Amino acid sequence: MGKIPLQKRLSLIQMRYLDFDLDVHIFSLLPIYICKRILQEGKVLLVKNQDVLYDLAIRTAQAYEDFKPLYYTYLNGISHAGS
């Protein structure tokens, strides 16, 4: 039997041991626009190294700013597609 991917293991742990609703995802695997929203609206539950968290937030913000023109062009295109 092969090794179970990390994301699947986290889901199994969530179902087995937690008696409350929790949505577990690997941050680095999420689309950049979702990462940005998580950093804006999410709640940090545990931080082992705050410097690493700040570096991640800065890199995510920079990546989103690079991506934003393409994202808005896409959103504008699909909003006018049915017209």
| task | Can you run down the residue pairs with Cβ atoms below 8 Å, 6 or more apart or on separate chains, where the first is in the stretch 64-83 and within 14 Å of Ile32 (Cβ to Cβ) and the partner is part of a helix (DSSP H, G or I) and among the acidic types (Asp, Glu)? | result | none
| message | Tyr72 - would you say it is at pLDDT 90 or above and among the hydroxyl-bearing types (Ser, Thr, Tyr)? | response | yes
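The values are calculated or read from the model by the stated rules, or taken from the named source; none is laboratory data. None of the values given here were measured: they were computed from a predicted structure. Positions of Cβ are generated from backbone atoms using ideal geometry, with glycine treated the same way; all protein chains shown enter the neighbour counts.
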